[in-house]
1. Tell me, what ³J(HN,Hα) does each residue in region A:106-111 have, in order and in whole Hz, if you take phi through Karplus 6.51 cos²θ - 1.76 cosθ + 1.60 with θ = phi - 60° and put x for Gly and Pro?
2. How many angstrom lie between the Cα centre of region B:56-96 and the Cα centre of region A:97-166?
3. Within 10 Å of each Cβ in peptide B:145-152, how many partner chain Cβ atoms are there on average? Round it to a whole number, please.
4. At 0.36 nm per residue, and after removing the present C-alpha to C-alpha distance, how many nm does the segment from B:ASP165 to B:ALA77 gain when stretched out fully?
5. Would you pull out the residues with amide H under 5 Å of A:SER18's amide H, same chain only if 5 or more places away, H placed 1.01 Å from N?
6. Distance between the C-alpha centers of region B:21-51 and region B:167-189? Whole Å please.
7. With N set to the residue count of region A:22-190, report its C-alpha Rg divided by 2.2 N^0.38 Å to two decimal places.
8. Find how much the distance from A:THR102 to A:ASP131 grows on full extension, using 0.36 nm per residue of separation minus their present alpha carbon separation; answer in nm with one decimal.
2 protein chains.
Amino acid sequence: MMNTTPAGYTYDQNLPSSPVTRSQLDELLTDVMWTDEDAAALRRAGDILTPRVSEILDAWYDFIGSTPHLVTVFRGADGEPDADYLARVRARFERWVVDLCTRDFDEQWLAYQEEIGLRHTSKKNETDNVDSPVAHVPMSHLFALVVPVTLSVKEFLVQAESDRDEVEAMHQAWFKAVTVTLVLWSRPYAGDLW
Amino acid sequence: MMNTTPAGYTYDQNLPSSPVTRSQLDELLTDVMWTDEDAAALRRAGDILTPRVSEILDAWYDFIGSTPHLVTVFRGADGEPDADYLARVRARFERWVVDLCTRDFDEQWLAYQEEIGLRHTSKKNETDNVDSPVAHVPMSHLFALVVPVTLSVKEFLVQAESDRDEVEAMHQAWFKAVTVTLVLWSRPYAGDLW
């Protein structure tokens, strides 16, 4: 499943450094009360989620695809949702799940989060060479999706782990990590107010 | 406890309409998968949280007060945290918890969320007549606080309700509602990209 590199996935391609410093990242991790236990729990969540990442994306894409104001960002030049664009983003979205659970939150990770933020704003459409009438993903919806992205993962954890406290530990770590990445992706939207 | 109106609390004072329309709010509620069951669960959560709102704020203010990069927004002209400013914001923060659990998400509620957003940006310091060197609350921290504000409430629910599924229902409704308000507060940060 994870044997092919998604189109447009440039994690390992010497991206420019993020304008967000390591110390700013540490502040965000403090905000979300990130601990070493969370880091370990997120790795364990990754063991469960990685083999099922395609099913997770099925759920998210069902939701996005059935919600007109969300799927609209995937419109192509003809005004209709662009299936190829949707598929390419989906492959990178899957990889984001795996990366979030398995990568270290280091400079390279930070640089790629910035790249993802830019791909929601000034660089939207560029990576996938899409002639879309939609020039950015609205920040409001990007943020609000913290809820479905957090909550929908729980059933996958529950199906693999019977101990409710352990599910809770993995789920909290996931919630915290998702929040940090969404905040990092929001940087290009807010400029100096970020 | 809720008998006095907090200083600077203008919910009922004929605020200008929010630039966010009712239909945009409905989209956000769709994003967070808001249901009638959530609305009812949030009311039940309010019955538990309202009498304990001062303890909830104790927990949040302990966290903010002990985190230098968070308490910095409360600095006064002398560069030190301003106790009066902290106290005035705290009283309105308590009221926000109660409002969130008890108010309808209508035009008046929307207008006050916009006012709160402005008080984190262009109108920061104005309401409390503070001569602070900090002109805005960084959006990154405002949004990252979705995690402690969500997670810290759970123990209050658990202490009052033994049924774990009912706790979960109330907690999810709280998470969704907090997310929607934070997204609304983020509007002034992002302009047309919101």
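The values are calculated or read from the model by the stated rules, or taken from the named source; none is laboratory data. The model shown is predicted, which means the values in this text are computed figures rather than measured ones. Heads up, the Cβs are rebuilt from the backbone with ideal geometry, glycines too, and the neighbour counts pull from every protein chain shown. Side chains are part of the model used for accessible areas, which takes the heavy atoms of the whole protein and leaves out ligands, DNA and RNA. Shrake-Rupley method; radii C 1.70, N 1.55, O 1.52, S 1.80 Å.
1. Coupling constants for region A:106-111: 10, 4, 5, 4, 4, 4 Hz.
2. Centre-to-centre distance over Cα atoms comes out at 31 Å.
3. Mean partner-chain Cβ count within 10 Å for B:145-152: 6.
4. Here the segment from B:ASP165 to B:ALA77 would lengthen by 26.8 nm.
5. A:ALA111
6. Each part's Cα centre sits 8 Å from the other's.
7. 1.04
8. Gain on extension, A:THR102 to A:ASP131, equals 7.1 nm.
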